[in-house]
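Contents: one structure, followed by commentary.
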Amino acid sequence: MRDGWRRTEVRRGISYTVQPISAVRAVKDYVCPGCPNPVEAGVAHVVVWRAEGILGDEQALAARRHWHNHCWRMA
């Protein structure tokens, strides 16, 4: 199964790019900035970064974070 479609979402007036990651493609552990519990390998989640990075697209992509799906919905 493929990952979901990349989309843009707005939170508190800021646009973010949101890329779903399937459980199969989740191969590393990360720390969720929403809860700060681990997003473990094998768990479907989303990767989020600012769509309109002030310092440019490369810097915005470098600042991306991995969120639990629930935590991102609640953000």
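The values are calculated or read from the model by the stated rules, or taken from the named source; none is laboratory data. Just so we're clear, the structure is a prediction, and the values are computed from it rather than from any experiment. Heads up, the Cβs are rebuilt from the backbone with ideal geometry, glycines too, and the neighbour counts pull from every protein chain shown.
Observations, loosely collected:
- Failed item in (1) on the phi > 0 side of the Ramachandran plot; (2) within 13 Å of the chain's Cα centre (by Cα), with GLY13 passing the rest: (2)
- Set side by side, the residues ARG25, ARG12, ARG6 differ, and just one is farther than 16 Å from ARG64 by Cβ, free of Cβ contacts under 8 Å to residues at least 24 places away in the same chain and basic (Lys, Arg), which is ARG12.
- Within the set ALA44, ALA75, ALA51, the sole residue that is without any contact (Cβ under 8 Å) to a residue 40 or more places away in the chain and surrounded by 11 or more Cβ atoms within 10 Å (Cβ to Cβ) turns out to be ALA44.
- Qualifying residue in region 2-21 (condition: surrounded by 13 or more Cβ atoms within 10 Å (Cβ to Cβ), outside any loop (DSSP other than H, G, I, E, B) and touching a Pro at 6+ places or on another chain (Cβ under 7 Å)): no
- Residues of region 40-60 that are on the phi > 0 side of the Ramachandran plot and at pLDDT below 95: GLY56 alone.
- Matching residues in region 28-39 - criterion: being modelled with pLDDT of 95 or more and either more than 22 Å from ARG7 (Cα to Cα) or in a strand (DSSP E or B) (or both): LYS28, ASP29, TYR30, VAL31, CYS35, ASN37, PRO38, VAL39
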